[in-house]
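The next block holds one structure in the form of structure tokens; read it before the comments.
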Amino acid sequence: MAPSVWESARALRAAYAAGTLLPSQVIAAALDRIALRDPKLHAFLHLDSERARQEAVEWDGLYAQARRNAAGDTLPPLAGIPVAVKDNLCTRGVPTTCGSRILDGWLPPYDATVIARLRRAGAVIIGKTNLDEFAMGSSTENSAFGPTRNPWDLSRVPGGSSGGSAAAVAAGYVPLALGSDTGGSIRQPAGFCGVVGLKPTYGRVSRYGLVAFASSLDQIGPFARDVADCALLLNVIAGADPRDSTSADVPVPDFLGATDQPRHGIRLGVPSEAFGSGVDAGVAEAVRAALDTFDNLGFRVEEIALPTLDAALPTYYLIAPAEASSNLARYDGVRHGMRDGSDDLFEMVTRTRQRGFGAEVKRRIMLGTYALSAGYYEAFYIKAQKVRTLVARDFDRAFAQVDIVVMPTSPTLPFAIGERVDDPLQMYFSDIFTIPVNLAGLPGLSLPCGFSAGLPVGMQLVGRAFDETTLLQAGGAYQQATSWHLRHAPEA
Amino acid sequence: MERSEPMDPTGAGGGTREVVIGIEIHVQLLTASKMFCGCPTEFGAPPNTLVCPVCLGLPGSLPVLNRRAVELGLRTAVALGCRVHSRSRFHRKNYYYPDLAKNYQISQYQYAGHPPLATGGVLEIQVGGRPWRVAIRRVHLEEDTARLVHPAGTGGAASSLVDYNRSGVPLMEIVTEPDLRSPGEAREFLNALRRLLQFAEVSSCRMEEGTLRCDANLSLQPPGGPPGVRTEVKNMNSVRAVERALAFEAVRQHEVLARGEVVVQETRHWDERRGVTFASRSKEEAEDYRYFPEPDLVPLDVDGAWVAAIREALPELPAARRDRLIATFGLAAYDADLITATPAMAKFFEETVTLGPHPKVVANWLSGAVAAYLNEHGVEIDQIALTPARLSALLLLVDEGTVSGRTAKDVLVEMIAHDQEPEAVVEARGLQQISDEATLRVVVDKVIADHPGPAAEIRAGKVRALPFLVGQVMRATGGRANPEAANRLLKERLS
């Protein structure tokens, strides 16, 4: 069997076990494809090619051995599967830049918990993907190392901040990737690139080793080309971690097993606010069509209200920058990464940060510093926390009525590179439907639900805390009935 | 409540302003590992060897609260009679300094709706022989900073080094209300608090090692008037330094006011060598720490059962220990105070007593010869080569008459200096007491021959001169003669 770049991780895993395909063939094919296409696409910041090839050969041997043994296939779930990870996840001895000059040259001395779990599951990590600097952005244009392009249209953005991971999956480099999502950074690029992306419930996945943007909002999650693969990867990374006090000690269900178990009577709620002005007509049309599909599949679709939806964006832009201003204080040139030296300590710190950070990061550090300052704290930070509570209550009310809230992932289609870089508010607007979900700490799944003007449209399913299962079941049912997720980006 | 006279910085008396002092101390908690990671808290390891991604503040690392540190904080709260808050939060105190790995310190800030671990306790001290209750404002937990090293000879601009071994070491802050009225009271408070924390096994409280650090604020309040402007004094490395710095500051503030000037609210550093305080940070540089709740930690919840368990397991505190020693062993108050000055001394006493010697004899030795040795050498009893077994053995030698009480004091010093058993010292130095009458009689005869005057007086019935001759016998035997035997033999010969 010749390796197909579009195989799912599950299919690859089965073919490895059957001996019809070797991990080394798949890894080699992935690296070849990346070598050919990535100079244009720029999904990767760093490739770990040698190690990936070496690990693949080891898996070749282990699969062969497993087939000779009568014991059967006891290899771990991602053995020999290529995976890409966002470059804000710490990888021991492998560059981790967060898309920033300030971390240029830094080699983490430790693996993030999710990286350790990937490795334990047998995944072959082939490289680190591009992102908006410190995950601050919605287009991957804020990377200090140049933008990533959208595989469906190279003149357009892939979304962000996990644009590199979304593009890597959409371009047929890898079946699986990890991203992080603080205000939509997994779901929005998944929508823009026509792939599946899940932001798990806050606390579902350990943040240890995820370079922090906004600690109370950040969450790591999977990208895949279908819902089942997404569930497979979630099972590998989910679960409490003693190194992260905010990770939740709740049981991790068999997400993969649940995706193909049909469940009847799931109620979908559609907030009227999510189809108002500013929502692209093509986007609205595709999401409404998807709701019809759900209706035909026997899901109950009803209207709900999320009156605080409008308030979520300004709330987010107080809380996230406030936390970021403190989280990013450690980049001072003293211990790691870049240093712009001086005889004077504070001049060194100032110069290092002036040169090391890009414009958007500086903007948010200033916003956040202001919001936390004496005299403004009550009016900004405290008030934002109160509104955050109201947003969460809106969702609580909705979930008393329905099991899933459905919205467009983003109000817009993928926009042109350069179109919004000088208009931060327009850029921020792209996340209005994803941000409230982070504020409430809920799980959100984005999946392809159509095309408009040849560009992918994403639909977002939001669930109750720790109820990713219902989202994956609904998404699985949808993908059984539709074929949007089977379309491939053009071979450029 | 009655109390000692307030300190009068002018010496003039009458109508003077009252000294008002509040104390803020930081103690390092006796935990094996750091506040938010598993690194050891040892003192004196080579620089930057006790570190990990968390205490180095590496990108992506996260803090995890040390349960033991919370327990020691709770133990302190219970010992001070504080109210423990069922939910407290950690906050970030944001400022830039290279001794802060993250450029923020995780601490428990106090503001509306966000109480620290515990508030509202009291510590009783003795002021002029009377009890005086000092109110405790709060007890909270935080992490220590790294240590900056400025290598000698590098001058002002060249470079500094950072040792992150101390970064993240668990600290507890205790803040008093401004309830102290003199530098002497501040000293008494610090001694009492240190004793309490040592007996509670919360901290070693060694100021010279930095496991207890004290800042003090002082103001002068006119009689019946509003509180004066206060200054904060830092950098005192001993209890004595705290007392001296506060005394200096009281006089300085009085002089400022006497000149018709105003006291500036500021932080001042104590210069131990020059014996003065000096302003270290001007008001213009007052920092905005931009406190906000630490999102990487969940709220700290402490339920009643946990507090009850802490109370149940609380080690015996100094006052209770003192009362028990008096009641059980019939010790004098003075001896009991001295023996309960440190947990090590109290433990030493009780262990020695279980080996057989009479408690009062042990108490006499500890408050006498042993205390003298410790004072002279500036050490604690657990830092010298004296064990309860060795002291007990020495007392047995005295009891059996092998050595005289006087010689035993020399043996004690030798034992400590050479880390030896008392028998070995006595053997090696030939210090056995001479009770053999034949041997003593030779000495006695010689003393009588050498001192015919006193001998004649005694023969004439004037026994007043007898002690003199006994002393001469002792002298002639290097203190080894059994004094009772010498006494008896002299009387025999001169009767």
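Quick check: is even one residue across region A:437-450 more than 30 Å from residue A:315 (Cα to Cα) and in contact with an Asp or Glu (Cβ under 8 Å, 6 or more places away or on another chain)? Before you say what the answer is, go through the steps one by one.
Residues of region A:437-450 that are more than 30 Å from residue A:315 (Cα to Cα), as a first pass: A:450.
From what's left, in contact with an Asp or Glu (Cβ under 8 Å, 6 or more places away or on another chain): A:450.
Yes.
Report the residue count in region B:9-36 for those that are outside any loop (DSSP other than H, G, I, E, B) and modelled with pLDDT of 95 or more. Explain how you work it out, then say what you get.
Of region B:9-36, the ones outside any loop (DSSP other than H, G, I, E, B) are B:18-28, B:33.
Okay, now just the ones that are also modelled with pLDDT of 95 or more, so B:19-28, B:33.
Residues flagged as outside any loop (DSSP other than H, G, I, E, B) and modelled with pLDDT of 95 or more within region B:9-36 amount to 11.
For every residue, the table says whether it meets (1) in contact with an Asp or Glu (Cβ under 7 Å, 6 or more places away or on another chain); (2) outside any helix (DSSP H, G or I).
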| residue | (1), (2) |
| --- | --- |
| B:229 | no, yes |
| B:234 | yes, yes |
| B:240 | no, no |
| B:243 | no, no |
| B:246 | no, no |
| B:254 | no, no |
| B:262 | no, yes |
| B:269 | no, yes |
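Is there a residue in region B:167-183 that is on the phi < 0 side of the Ramachandran plot, touching a helix residue (DSSP H, G or I) at 6+ places or on another chain (Cβ under 6 Å), crowded, with 16+ Cβ neighbours inside 10 Å and β-branched (Val, Ile, Thr)?
First, the residues of region B:167-183 that are on the phi < 0 side of the Ramachandran plot: B:167, B:169-183.
Still in the running and touching a helix residue (DSSP H, G or I) at 6+ places or on another chain (Cβ under 6 Å): B:170, B:172, B:180, B:183.
From what's left, crowded, with 16+ Cβ neighbours inside 10 Å: B:170, B:172, B:180, B:183.
Then keep just the ones that are β-branched (Val, Ile, Thr); that gives none.
No, region B:167-183 has no match at all.
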request  = Just give me the residues in region A:216-248 being in contact (Cβ under 8 Å) with a residue 24 or more places away in the chain, surrounded by fewer than 23 Cβ atoms within 10 Å (Cβ to Cβ), polar (S, T, N, Q) and within 14 Å of chain B (Cβ to nearest Cβ), in sequence order.
outcome  = A:216, A:246, A:247
task = Could you tell me which of the residues B:329, B:292 is touching a helix residue (DSSP H, G or I) at 6+ places or on another chain (Cβ under 8 Å), surrounded by 12 or more Cβ atoms within 10 Å (Cβ to Cβ) and within 14 Å of chain A (Cβ to nearest Cβ)?
result = B:292
inquiry  = Let me spell it out: the conditions are (1) farther than 15 Å from residue A:403 by Cβ; (2) touching a residue at least 40 places away in the same chain (Cβ under 8 Å); (3) surrounded by 16 or more Cβ atoms within 10 Å (Cβ to Cβ), and residue A:266 meets all of them except one. Which number is the exception?
reply    = (1)
ask   = Of the residues A:74, A:97, A:140, which is more than 14 Å from chain B (Cβ to nearest Cβ), within 16 Å of residue A:46 (Cβ to Cβ) and in a loop (DSSP other than H, G, I, E, B)?
value = A:140
note = Across region B:200-217, the tally of residues that are surrounded by 22 or more Cβ atoms within 10 Å (Cβ to Cβ) and assigned to a helix (DSSP H, G or I) stands at 0
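Kindly evaluate residue A:367 against the criterion of being touching a residue at least 24 places away in the same chain (Cβ under 8 Å) and either more than 10 Å from every other protein chain (Cβ to nearest Cβ) or surrounded by fewer than 19 Cβ atoms within 10 Å (Cβ to Cβ) (or both). Steps first, please.
Working: touching a residue at least 24 places away in the same chain (Cβ under 8 Å): yes; either more than 10 Å from every other protein chain (Cβ to nearest Cβ) or surrounded by fewer than 19 Cβ atoms within 10 Å (Cβ to Cβ) (or both): yes.
Against the criterion (touching a residue at least 24 places away in the same chain (Cβ under 8 Å) and either more than 10 Å from every other protein chain (Cβ to nearest Cβ) or surrounded by fewer than 19 Cβ atoms within 10 Å (Cβ to Cβ) (or both)), residue A:367 qualifies.
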task = Can you confirm whether region B:361-379 contains a residue that is under 30 Å from residue B:77 (Cα atoms), outside the structural domain of residue B:200 (by TED's automatic domain parsing) and out of contact with any strand residue (DSSP E or B) (no Cβ under 9 Å at 6 or more places or on another chain)?
result = yes
note = Flagged in region A:326-344 as surrounded by fewer than 22 Cβ atoms within 10 Å (Cβ to Cβ), more than 7 Å from chain B (Cβ to nearest Cβ) and either outside any loop (DSSP other than H, G, I, E, B) or out of contact with any helix residue (DSSP H, G or I) (no Cβ under 8 Å at 6 or more places or on another chain) (or both), in numbering order, are A:344
message = For region A:196-215: of the residues being over 23 Å from residue B:52 (Cα atoms) and within 14 Å of chain B (Cβ to nearest Cβ), which is nearest to the chain's Cα centre (by Cα)?
response = A:202
ask   = If you take the residues of region B:121-165 that are more than 13 Å from chain A (Cβ to nearest Cβ) and over 24 Å from the mean Cα position of the chain (by Cα), which of them is modelled with the highest pLDDT?
value = B:165
request  = For region B:65-99, name all the residues that are without any contact (Cβ under 8 Å) to a residue 60 or more places away in the chain and within 13 Å of chain A (Cβ to nearest Cβ).
outcome  = B:67, B:96, B:97
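Test of understanding: among A:306, A:318, A:313, which residue is within 26 Å of the chain's Cα centre (by Cα), surrounded by 14 or more Cβ atoms within 10 Å (Cβ to Cβ) and outside any helix (DSSP H, G or I)? First the steps, then the outcome.
Working: A:318 fails: outside any helix (DSSP H, G or I); A:313 fails: outside any helix (DSSP H, G or I).
From the options A:306, A:318, A:313, the qualifying one is A:306.
Is one or more of the residues making up region B:101-111 at the interface with another protein chain (Cβ under 10 Å from one of its Cβ atoms) and more than 30 Å from residue A:102 (Cα to Cα)?
Our first condition is that a residue be at the interface with another protein chain (Cβ under 10 Å from one of its Cβ atoms); within region B:101-111, this holds for B:101-104, B:111.
If we keep only those that are more than 30 Å from residue A:102 (Cα to Cα) too, we end up with B:111.
Within region B:101-111, one or more residues are at the interface with another protein chain (Cβ under 10 Å from one of its Cβ atoms) and more than 30 Å from residue A:102 (Cα to Cα).
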message = Kindly evaluate residue B:187 against the criterion of being at pLDDT 95 or above and more than 22 Å from residue B:18 (Cα to Cα).
response = no
ask   = Being within 13 Å of chain A (Cβ to nearest Cβ), surrounded by fewer than 20 Cβ atoms within 10 Å (Cβ to Cβ) and part of a loop (DSSP other than H, G, I, E, B), is that true of even one residue in region B:37-48?
value = yes
Scope region B:63-94; condition in contact with a helix residue (DSSP H, G or I) (Cβ under 9 Å, 6 or more places away or on another chain) and either hydroxyl-bearing (Ser, Thr, Tyr) or not assigned by TED's automatic domain parsing to the domain that holds residue B:136 (or both); matching residues = B:76, B:86
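Being away from chain A (no Cβ under 14 Å) and either surrounded by fewer than 19 Cβ atoms within 10 Å (Cβ to Cβ) or of a type in the set (Asp, Glu) (or both) narrows it down to one residue among B:255, B:287; which is it?
Details: B:287 fails: away from chain A (no Cβ under 14 Å).
After applying the criteria, what remains is B:255.
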inquiry  = Looking for something touching a Leu at 6+ places or on another chain (Cβ under 9 Å), without any contact (Cβ under 8 Å) to a residue 24 or more places away in the chain and surrounded by fewer than 20 Cβ atoms within 10 Å (Cβ to Cβ) - is there at least one such residue anywhere in region A:39-60?
reply    = no
inquiry  = Just the residues that are assigned to a helix (DSSP H, G or I) and of a type in the set (D, E, K, R), please, taken from region B:447-480.
reply    = B:450, B:457, B:459, B:464, B:475
request  = Could you please find all residues in region B:355-388 being over 16 Å from the mean Cα position of the chain (by Cα) and among the hydrophobic types (A, V, I, L, M, F, W, C)?
outcome  = B:355, B:361, B:362, B:363, B:365, B:366, B:369, B:370, B:372, B:384, B:385, B:386
key: Single residue of region A:370-387 satisfying the filter (in contact (Cβ under 8 Å) with a residue 24 or more places away in the chain and within 10 Å of another protein chain (Cβ to nearest Cβ)) that is nearest to the chain's Cα centre (by Cα)   = A:385
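Residue-wise test of (1) among the aromatic types (Phe, Trp, Tyr); (2) under 29 Å from residue A:378 (Cα atoms).
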position	(1), (2)
B:238	no, no
B:248	yes, no
B:293	no, yes
B:314	no, no
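The values are calculated or read from the model by the stated rules, or taken from the named source; none is laboratory data. Model, not experiment: these values are computed from the prediction. Because the Cβ atoms are built from the backbone with ideal geometry, glycine has one as well, and the counts that use them run over all protein chains shown.
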